[in-house]
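K.L.:
Dumping the structure here so I can ask a few things about it.
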Amino acid sequence: MNIIELKNITYKYSVGTPFEAVAVDNVTLTVEKGEFCGIIGHTGSGKSTLIQHLNGLVKPTLGEVYIDGQNIWSKDTDIREIRFKAGLVFQYSEHQLFEESVYKDIAYGPKNMGLSEEETDKRVHYAAQSMGIGDELLERSPFDLSGGQKRRVALAGVIAMEPEILILDEPAAGLDPIGRESVLSRISDYHKKNGTTILLVSHSMEDIVKYAEKVLVMNKGKVFCHAPTDEVFARQDEIVGIGLDVPQITKVTMKLKEKGIDLGSDIYTVERAKERILQYKAKGSIC
């Protein structure tokens, strides 16, 4: 079942001026319910503009956006309800924190939905737990927390609204490796436990291949490909050809191939590279 469907979406900035530019160009796309989709593309590829269509932050110049079968720009659609259904977490989301306590920040969304105090409290604690925020932090000021903790509080604030779709724009940007792993692994665990549809925008190929089941590649405002992760990174030469990076381990295996050691074109994790090297060695091809 498709929870997201875009039909011939085009978005133009500064229409009718000398600065008019096409950011998203005739994109048709479906995302299945429960899918964990990574979104990659060079700067200016249209990926951030594309995801802003999914909860009505921007309206397409042409085309239609459907969330759970509903055209979000039809006259009988409450766009506010769509924004509760499709939660968007911006890059450097900690800048959105403003309440005097972590609890109040996480509770802001549920209260804005008109939920009871009991239901709000339940959601706050569940969201905090999902993001690894202990009860002892709930009464602290969010501004006293570390960068990684602030990021997880901001994520918890969106999760507390229980969106059917969680859209994340570079959720680990600027964090150190430990903070990055903490944020992304908890998002992955949340997805596995709840089956929430997740769209993860990232410049890190390592993050995409580690967590995403499918990958959407944007190039010059168009969909270059949208397929299972294996299929996308099997096209590593094409991906490099449009100016994108590939995982470091993929670069290593590409160099080995140039030296006559072909481990396959679908290697993008260290674990898979290890398996192929051992297989290759077992055949006596490596001394």
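K.L.:
Confirm whether GLY134 is at positive phi and either in contact with a strand residue (DSSP E or B) (Cβ under 8 Å, 6 or more places away or on another chain) or in the same structural domain as ARG80 (by TED's automatic domain parsing) (or both). Talk me through it step by step, then tell me what you get.
P.N.:
On the way: at positive phi: no; either in contact with a strand residue (DSSP E or B) (Cβ under 8 Å, 6 or more places away or on another chain) or in the same structural domain as ARG80 (by TED's automatic domain parsing) (or both): yes.
Spelling it out, it is not the case that GLY134 is at positive phi and either in contact with a strand residue (DSSP E or B) (Cβ under 8 Å, 6 or more places away or on another chain) or in the same structural domain as ARG80 (by TED's automatic domain parsing) (or both).
K.L.:
Same structure again: If ILE133 passes every condition in (1) part of a helix (DSSP H, G or I); (2) surrounded by 19 or more Cβ atoms within 10 Å (Cβ to Cβ); (3) not polar (S, T, N, Q) but one, which one does it miss?
P.N.:
Status for ILE133: all satisfied but (1).
K.L.:
Next up: Please work out which residue is nearest to the chain's Cα centre (by Cα), limiting yourself to segment 50-88 and to residues that are assigned to a loop (DSSP other than H, G, I, E, B) and small (Gly, Ala, Ser).
P.N.:
GLY56
K.L.:
Then there is this: Being among the hydrophobic types (A, V, I, L, M, F, W, C) and under 11 Å from the mean Cα position of the chain (by Cα) is the filter here; which residues of segment 171-189 pass it? Let's see the steps before the verdict.
P.N.:
In the first step, residues of segment 171-189 are kept if they are among the hydrophobic types (A, V, I, L, M, F, W, C); the result is 172-173, 175, 178, 183-184, 187.
Residues satisfying the conditions are ALA172, LEU184, ILE187.
K.L.:
When the residues of segment 257-287 are filtered to those that are more than 28 Å from MET218 (Cα to Cα) and among the aliphatic types (A, V, I, L, M), which remaining residue is surrounded by the fewest Cβ atoms within 10 Å (Cβ to Cβ)?
P.N.:
ALA282
K.L.:
Which of the residues belonging to segment 90-105 are within 21 Å of ASP121 (Cα to Cα) and either in contact (Cβ under 8 Å) with a residue 12 or more places away in the chain or assigned to a loop (DSSP other than H, G, I, E, B) (or both)?
P.N.:
Step one: of segment 90-105, the residues within 21 Å of ASP121 (Cα to Cα) are 96-105.
Within segment 90-105, GLN96, LEU97, PHE98, GLU99, GLU100, SER101, VAL102, TYR103, ASP105 qualify.
K.L.:
If you don't mind, there's one more thing I want to ask. Would you pick out the residues in segment 231-256 that are buried (at least 16 other Cβ atoms within 10 Å of the Cβ) and either among the basic types (Lys, Arg) or not in a loop (DSSP other than H, G, I, E, B) (or both)?
P.N.:
Within segment 231-256, VAL232, PHE233, ARG235, GLN236, ILE239, ILE249, THR250, THR253, MET254, LEU256 qualify.
The values are calculated or read from the model by the stated rules, or taken from the named source; none is laboratory data. Predicted, not measured: the structure shown is a model, and the values here were computed from it. Here Cβ is always computed from backbone atoms with ideal geometry, including for glycine, and neighbour counts include all displayed protein chains.
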